[in-house]
């Protein structure tokens, strides 16, 4: 393990707690205390070196999961960088984060070398503040500072994944919300059919078509059937209109 040993970390942590309101308080507040957790320490040399070069960062060390839990019990840490590149653990990494966040005001940034969309989205939804791909190590410093100062800052990769997840949730919502017949009617509306034409195409009474359109407007929202059809098509639930 790099940096301080576990024993040294614990002793330093107790000293830090004792002086937190003392004359060194201002200095501690200016320095962001970091802990790098998970994976092979030798494989994180580049990141460790990068973090140590930042003047306002204090890297406690690179710890295994078991070591990290001991450190967090006795030493004040501002931001934890949780390495999720341990593919054998995969979703166990989320259990680690849950234990870390349990009753502690710790900010966690998840690190990964591969975009595991399912894991990243779940991590962000459970309280991990950010996700950074290890290929973007140069963006780590600003992410750490934003997390420490409670600034809302989501890396573009993580933001893209969340937007994708939101789009899928909305699509599923509309999918369950609309009946097959309502989708058929909206499909034809999107293709330029009038109510009379829809009634003829689907062998329905015009009044029934009108009733279906009203229900879709209430369910999805919009002023007209055309607006509803456009909104639902944007969610990928209707076939593209053939020109």
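Please treat every number below as a calculation from the coordinates, not as lab data. For clarity, every value in this text was computed on a predicted model and none was experimentally measured. Note: ideal-geometry Cβ built from the backbone for every residue, glycine included; neighbour counts use all protein chains shown.
Things worth noting here:
- Over 19 Å [Cα-Cα, segment 144-227], rounded percent: 53
- Between residue 159 and residue 46, the simple spin-label model (points 7 angstrom out along Cα→Cβ) gives 2.5 nm.
- Rough spin-label spacing in nm, given labels placed 7 Å along Cα→Cβ, for residue 205 and residue 31: 8.1
- Each part gets one Cα centre, and for segment 170-243 versus segment 45-88 those centres are 53 Å apart.
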